[in-house]
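The values are calculated or read from the model by the stated rules, or taken from the named source; none is laboratory data. Here the structure is a predicted model, which is why all the values come from computation and not from measurement. Here the Cβ positions follow ideal geometry from the backbone for every residue, glycine too, while neighbour counts run over all protein chains shown. Side chains included, ligands, DNA and RNA excluded: accessible areas come from the protein's heavy atoms. Shrake-Rupley method; radii C 1.70, N 1.55, O 1.52, S 1.80 Å.
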Amino acid sequence: MVSSIKVLWCCLLLSLLPCRVANGHAPLVPSERFPLRVEGRFIVDRLGERVKWACVNWYGPESISFTFGGMEKLPVDEIVKRIAELGFNCVRVAYSLEAHVRNPFLEEQFVKANRFLSGKRFLDGFDAGIEALTKAGLMVIIDQHVSRAGYCCHWSQDEGLWYVPGYPEDIWIQSLVNMTRRYRGNSFVVGIDLRNEVHDLHSNPKWGNGLMMTWGDNDPKTDWAAAATRAGNRVLAENQDLIIVVMALCFGMELRPMRSHPIKLDLPNRVVYETHNYVEYQFWNLIPRDLGITFSTLRTITMLSCLALSATIFYLLRRWRRSGTGYPPKHLFLMSLGAWSALFSLIFMAMAFTTYKAACTYCKWGAQEDFLPWVYFWLLAALGGLALLVVSWRLSGMASLAELLQVDRNLLQSDESCDEETDLFRKSSGEGSGREITRPWDRGLVINLQCFMVSVILLLVCMVALLAAIFIDTYWFYERLEKTCHQNHRVVAHCLWWSHARWLDKQWGFALEEGQAFTAPIWMGEFGYLNHGSFWLQFMRRWLNGQVHSRYSLASFG
Ligand SMILES: *[C@@H]1O[C@H](CO)[C@@H](O)[C@H](O)[C@H]1NC(C)=O
């Protein structure tokens, strides 16, 4: 998801977390504390003391400039100094296979402020950056970002897997091995991030039908866990002191399959999992952008719609009461209920299916977990509605609804009045309380009943939308509600499945639970948002802070 332009390139803002040192600076880690290892959910130094990676991404070498961003503006040492001053203790540096294999010459325009690099190549620039960073005492994690130089990653790109046309797995592993060798002598290069934002391959003319990434099924074409194990072992064979960083599936969102298949390398205590999170990853954040309205407008619209629907329902009820008719015949009521609930369930099923298909374009694994159950749910509801319709029809002993209407039409025909409503009104008011003397159900009332049912269903939908609009941008929804759900986990397993915090826990926060086979550190390698004003970053930070004392201590990133 990283774009070299405006995406907030901050990763691991651990300076936000309470265990930071007072001035918000993560302490630099002196060389005598290396090598690093993994212990439970923490990264530790050689003495077992916790080490936090508080990194920033320094983009560039993975892009078509083939070198670090900013080299055209400032001398490399100045940039590095600024990174350290900002309080980071490590830097994630990204590169492309294309750059590594071709090792192209650097264009003057990209190294204007670093003349010593003019006429030099990609690797010279990469060396210079890493040298400057590590001399300043910053840890470096080398990120194998993309195959072809350029932006990564969009669901429509074919950069989702660890191999692409022209860059097979061999080249990828060779490159990781070569990079490992190249910096083996530099103990500040502490980790290799095997590949950025792996995700399903969308079907595309070059690739055919697309591929769903898997984890732990040993399919050589799709099993990312197996590929990461192959690559990780090769890297560790060159330098056993590196931390191997393994990206979560689905752009770094999805680690659930790791629960049953943690990655096991030849050497233990080396694996850190990496997750990413951008504002776009929670679809409701896109409401203001995609619909072009604010949440308060959304609240107003849903509120007015709910009021209008309530008024309609009130009107229909009054009309029925005034007609002086009794309750609808049971079979008629149940048939209508069955028919409408079947119809609406089908509509919701179509919506769920569309969402499922959309999510499948980049994350079939998560789509199957999160959206497919809803497709089945609404399918069952539709079948239930149909069953109700058929059974109540059969039990009614009536041949058809038409028959009912036929009877009523005969009744109506005997009625002189053409103005049905006035007629009904006159009758009911004439009879005083009206309810006791029941008129048979004529066609007008049957239609009345159908309108009533549709309005009630729409009102329910509207109320859900209104509740969502009211709470969606509150921290209470973001976090508290999620807690409520956790406490009643079994009962309401899927309630509020969209709650952000709950999703995060489910998707990768679980890894931080101590003492499990899957326990491992989580490194949030990238997070941020494009500048459509959002509560996202604020909530995310607050949540990360809050998690320090809770079950899933997310403060232990890295
Ligand atoms: C890795 O190094 C080997 C040996 O020097 C070389 O043949 C190969 O081309 C390199 N591969 C990459 C991707 O850099």
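A few remarks follow.
- Every residue from region 101-120 that is in contact (Cβ under 8 Å) with a residue 24 or more places away in the chain, outside any loop (DSSP other than H, G, I, E, B) and within 16 Å of the ligand (Cβ to nearest atom): 101
- Region 64-100: number of residues that are in a helix (DSSP H, G or I), touching a strand residue (DSSP E or B) at 6+ places or on another chain (Cβ under 8 Å) and within 16 Å of the ligand (Cβ to nearest atom): 2
- Whichever residue in region 166-202 is within 16 Å of the ligand (Cβ to nearest atom) and not in a helix (DSSP H, G or I) and, among such residues, is modelled with the lowest pLDDT: 166
- Residue in region 74-86 that is surrounded by fewer than 22 Cβ atoms within 10 Å (Cβ to Cβ) and touching a Pro at 6+ places or on another chain (Cβ under 8 Å) present: no
Here is a yes/no grid of residues against (1) among the hydroxyl-bearing types (Ser, Thr, Tyr); (2) free of Cβ contacts under 8 Å to residues at least 24 places away in the same chain:
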{"site": "180", "(1), (2)": "yes, no"}
{"site": "184", "(1), (2)": "no, no"}
{"site": "188", "(1), (2)": "no, no"}
{"site": "195", "(1), (2)": "no, no"}
{"site": "200", "(1), (2)": "no, no"}
{"site": "214", "(1), (2)": "yes, no"}
{"site": "223", "(1), (2)": "no, yes"}
{"site": "238", "(1), (2)": "no, no"}
{"site": "241", "(1), (2)": "no, no"}
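- Long-range neighbours under 7 Å by Cβ, at least six apart or interchain, first residue under 7 Å from residue 147 (Cβ atoms) within region 159-173, second more than 13 Å from the ligand (Cβ to nearest atom) and not basic (Lys, Arg): 159/146; 159/152; 159/153; 164/158
- Unmet criterion (only one of (1) closer than 22 Å to residue 65 by Cβ; (2) within 15 Å of the ligand (Cβ to nearest atom); (3) open to solvent by 10 Å² or more (accessible area, probe 1.4 Å)) for residue 145: (3)
- For region 131-158, a residue qualifies if it is touching a residue at least 60 places away in the same chain (Cβ under 8 Å) and β-branched (Val, Ile, Thr), and the qualifying residues are 141, 146.
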